[in-house]
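Just below is one structure, and these are the notes that go with it.
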């Protein structure tokens, strides 16, 4: 009798354990399912808005003609398009739309990485002085004509090199005082003020037309995009993003604290440096072509975190998609709101993004960091 009773107890425990495991699996499927739906919704919104953005301009084309032209480019013989539509789509507008998408993706991911490694909701690549350094490099090329790269790549090369130099300078200063979140932020602020002062000094002594060009560059614009620049940014993203996403568990561990991360086998200092350098490389490759585009890297991770939580396995791709949608929406608005005049996209990212960000922030009833 006792053996039978014991057997029943064991069977009941096994059944309860199996039920609990089934419940956990179902909860995890729901957990990931919501995030997948969020990603799909963002991708559909980006695809639709991209089609709409290509239709906008002095020459009108329908959204169906746009999609037909794009599909005909990938599947010739199965879809048909006219030479006029192909010229409008492929030669004039599509590369700008794609640049807004890939640039937004890169800035969104870079912001999420910086906030993750520094555990600071206000952290971004621009907080660490990268935009200030890129602006100084561009000003040096525009006002003095000085730089390492010659010709049409002078401004782009200077901006890229000085942006990376600022990242190495932050790393050097932080390394001198032992790398931590606090020292990296303080070093970044110091670098930001240094390059801002140097840029102001160049503007003070420069000719008015050159100063105006510097100011316009620092406002940010996607008008300088081309298929070549789009390809270069995509190449950088293909190199950097897979590593960042694959190693996203390390970012989750860092969020629990340096000691906890070390106990889980994460090399905290090396991880922080690698992530900072990769996010700096992404940011430098983007702003060297577009100029300073702020706010996307700051707000995209917050919007994503509010929507799907702080798990970096989902936060990084989510921030990329949100950043792409925000920058595409901002550039589309900048092109149309005062048409035929085109506003700098950096202005629109702030004008459109700040109220939306404040709205989300005010609706949030609990801590999200």
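The values are calculated or read from the model by the stated rules, or taken from the named source; none is laboratory data. All values reported here derive from a predicted model rather than from experimental measurement. Glycine also receives a Cβ, built like all others from the backbone with ideal geometry; neighbour counts cover every protein chain displayed.
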Q | Filter result for residue 298 (closer than 30 Å to residue 153 by Cβ and without any contact (Cβ under 8 Å) to a residue 12 or more places away in the chain) | A | no
Q) In this structure, does residue 88 turn out to be within 22 Å of residue 227 (Cβ to Cβ), touching a residue at least 24 places away in the same chain (Cβ under 8 Å) and more than 26 Å from the chain's Cα centre (by Cα)? A) yes
**Q.** Residues of the stretch 105-121 classified as in a helix (DSSP H, G or I) and under 17 Å from residue 181 (Cβ atoms), total
**A.** 9
Q | Candidate set from the stretch 133-156 (those that are over 13 Å from residue 214 (Cβ atoms) and surrounded by 14 or more Cβ atoms within 10 Å (Cβ to Cβ)); member that is modelled with the lowest pLDDT | A | 149
Q. Taking the stated definitions as given, is residue 266 touching a residue at least 12 places away in the same chain (Cβ under 8 Å), within 18 Å of residue 115 (Cβ to Cβ) and under 12 Å from the mean Cα position of the chain (by Cα)?
A. no
**Q.** Residue check for residue 287: over 28 Å from residue 37 (Cα atoms) and modelled with pLDDT of 90 or more
**A.** yes
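Condition check ((1) crowded, with 17+ Cβ neighbours inside 10 Å; (2) farther than 22 Å from residue 275 by Cβ; (3) modelled with pLDDT under 85) across all residues:
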site	(1), (2), (3)
162	yes, no, no
170	yes, no, yes
176	no, no, yes
189	no, no, no
193	no, yes, no
Q) Do you know which of the residues in the stretch 56-66 that are part of a helix (DSSP H, G or I) and surrounded by fewer than 19 Cβ atoms within 10 Å (Cβ to Cβ) is modelled with the highest pLDDT? A) 64
Q) on the phi < 0 side of the Ramachandran plot and part of a loop (DSSP other than H, G, I, E, B): does that describe residue 124? A) yes
(Q) Among the listed residues 47, 72, identify the single one that is within 22 Å of the chain's Cα centre (by Cα) and either part of a helix (DSSP H, G or I) or in contact (Cβ under 8 Å) with a residue 40 or more places away in the chain (or both). (A) 47
Q. Conditions: (1) outside any loop (DSSP other than H, G, I, E, B); (2) surrounded by fewer than 17 Cβ atoms within 10 Å (Cβ to Cβ); (3) modelled with pLDDT of 85 or more. Residue 223 meets all but one. Number of the miss?
A. (1)
Q: For residues that are more than 20 Å from residue 122 (Cβ to Cβ) and modelled with pLDDT of 85 or more, scanning just the stretch 343-369, find the one that is surrounded by the most Cβ atoms within 10 Å (Cβ to Cβ).
A: 345
Q.
If residue 251 meets every condition in (1) under 21 Å from residue 171 (Cα atoms); (2) surrounded by 20 or more Cβ atoms within 10 Å (Cβ to Cβ); (3) modelled with pLDDT of 90 or more apart from one, which number is that one?
A. (3)
